[in-house]
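Nothing in this text is a laboratory measurement; each read-out follows from the coordinates by a stated rule. Small disclaimer: the values here were computed from a predicted structure and weren't measured. Please note: Cβ atoms are built from the backbone with ideal geometry, for glycine as well, and neighbour counts cover all protein chains shown.
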Amino acid sequence: MKFFIAVFTFIYFVNQLGIANTLSFDDFWIKIKDASPEISLEDHNFNAADLAVGRAQKHWLPSLTLSASAYSSNDPGANFFGNLSQRQINTFDFNPSTLNTPGFNNFEVGTLGIVFPLYEGGSKQAELNALTKMRESQLLIKSEMILKEYTELAIHYAQLMSLSKAKIRISALIDRVSDVLSHYSIGKQSNPIGYSGILGLKSLKNRLQGELLNIQSKEVAQREVLTEKAKFENNNWKISSEDILPFLDRKLSPSKNQKISLRESALLVRSESYNDLRDAERSRYRPKIGLFANESMTNGDRSTATSFAVGVYLNWSLFGPDNINRVSEKEELRRAELARLEMERQTNSIENKVLLESESSMKQGLILLLESEQLLSEQVKVADKLFQSGSISGLQFAEVLNRRVDLILNLLALENNLIDTRGKRVRLTQVEGVSL
């Protein structure tokens, strides 16, 4: 029994302390993709476009209408034809006095009608084609938003990994410098150090602590962003550790086959929809033919009667000010979309070339910095031994450590720039090897 009490007590305190779980990039993506309001927005926009297409696909279905009215009138014509619709006209109704002064009579009229279009001039089919292309464009916009959210997550996650590694490196240097200063603060004589050396090491420690605070501040900011976007209740989690270049190649690699951005594709499809809208406007000048049927019921003071009519209709707008320049208007809008597409292509092409060149230089620089980091790490170890043996002064040792601090910060800055550059490239081409 005591054993079980101890186990439950341990579990309780573990829950209270909140042991941090390691969350992979994929863990975050599953959460953020589901919780993102931006993706939800475009998802609803796509659903609306899909519903519009579904409605347009049923344009061939007949229209059914119902109308009803109830009125009281002393109008001679309304009374005569009202009684006629009741099929209750008699010879007395042709009396001039009755015709001219029928008095007030009550009528209720209801009509049920159906219209079945046979030919609509091609307008409804053209509108359907346009809406189908707009739905495709909206799907591309939704995909672009998903890619944007994915790219932003990859950038935040990679930068958090970079900050975490830099924090570990800076913390290790702080521990070493603090250890050195603590030994000399109690006046050990085995490794004498000059006053300038003590000042140099103390200055270095202050710098290290300042850089550590700066790194921790950026780390907290990144964690808050990920916590908020993933809708976590707290930020009691940690990320997996991985080198930046392998992570970028695995999760944020630009597509090799896709040459244009999703936004460009969306603009291209949208511009094509204006061809169909232009055709729809042309159909205004074509006849509309169909079948119709109406059944009416009239109820009045005399009786109730019904009537039925069926036939063919022809509607043809020969002229109307509302039709003027509509085709030209849609053509101008189509050209405007093509101009917007060309602007997007030109901007993306220039940006992609600049980013590609910058990334190539950054990757080479990062490789060199990582090699230098290994060499300088070894140099620090050698300098540490020389310092402990008294072969170099504290000031010289501080200079070596300062160079390592410079390298750590340069490495952090270069990694962050490389991460941002890679993210921008992916937005322009899509991501390789990842299903979104």
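Of all residues in the range 218-249, how many are basic (Lys, Arg), surrounded by 16 or more Cβ atoms within 10 Å (Cβ to Cβ) and touching a residue at least 60 places away in the same chain (Cβ under 8 Å)?
Filtering the range 218-249 for residues basic (Lys, Arg) gives 218, 223, 229, 231, 238.
Going one step further and asking which of them are surrounded by 16 or more Cβ atoms within 10 Å (Cβ to Cβ), we end up with 218, 223, 229.
This time we only want the ones that are touching a residue at least 60 places away in the same chain (Cβ under 8 Å), so: 223, 229.
Adding up the residues that qualify gives 2.
If you check 99, 131, 139 for being surrounded by fewer than 16 Cβ atoms within 10 Å (Cβ to Cβ) and either among the aliphatic types (A, V, I, L, M) or in a helix (DSSP H, G or I) (or both), only one passes: 99.
Does residue 335 qualify as being of a type outside the set (Asp, Glu), closer than 30 Å to residue 272 by Cβ and more than 23 Å from the chain's Cα centre (by Cα)? Give the derivation first.
Numbers: of a type outside the set (Asp, Glu): yes; closer than 30 Å to residue 272 by Cβ: yes; more than 23 Å from the chain's Cα centre (by Cα): yes.
Yes; evaluated as a whole, the condition is true for this residue.
Close Cβ contacts (under 7 Å, 6 or more residues apart or on different chains) running from residues in the range 292-307 that are in contact (Cβ under 8 Å) with a residue 24 or more places away in the chain and of a type in the set (A, V, I, L, M, F, W, C) to residues that are surrounded by 16 or more Cβ atoms within 10 Å (Cβ to Cβ) and not in a strand (DSSP E or B) comprise 305/85; 305/86.
Looking at the range 385-405, can you tell me whether even one residue there is farther than 13 Å from residue 201 by Cα, out of contact with any Gly (no Cβ under 6 Å at 6 or more places or on another chain) and acidic (Asp, Glu)? Within the range 385-405, none of the residues are farther than 13 Å from residue 201 by Cα, out of contact with any Gly (no Cβ under 6 Å at 6 or more places or on another chain) and acidic (Asp, Glu). Candidates 252, 277, 268, 262: the one that is under 30 Å from residue 168 (Cβ atoms) and either crowded, with 19+ Cβ neighbours inside 10 Å or touching a residue at least 12 places away in the same chain (Cβ under 8 Å) (or both) is 252. Out of the range 74-92, which residues are surrounded by 15 or more Cβ atoms within 10 Å (Cβ to Cβ), without any contact (Cβ under 8 Å) to a residue 60 or more places away in the chain and either within 30 Å of residue 131 (Cα to Cα) or not hydrophobic (A, V, I, L, M, F, W, C) (or both)? Correct list: 79 only.
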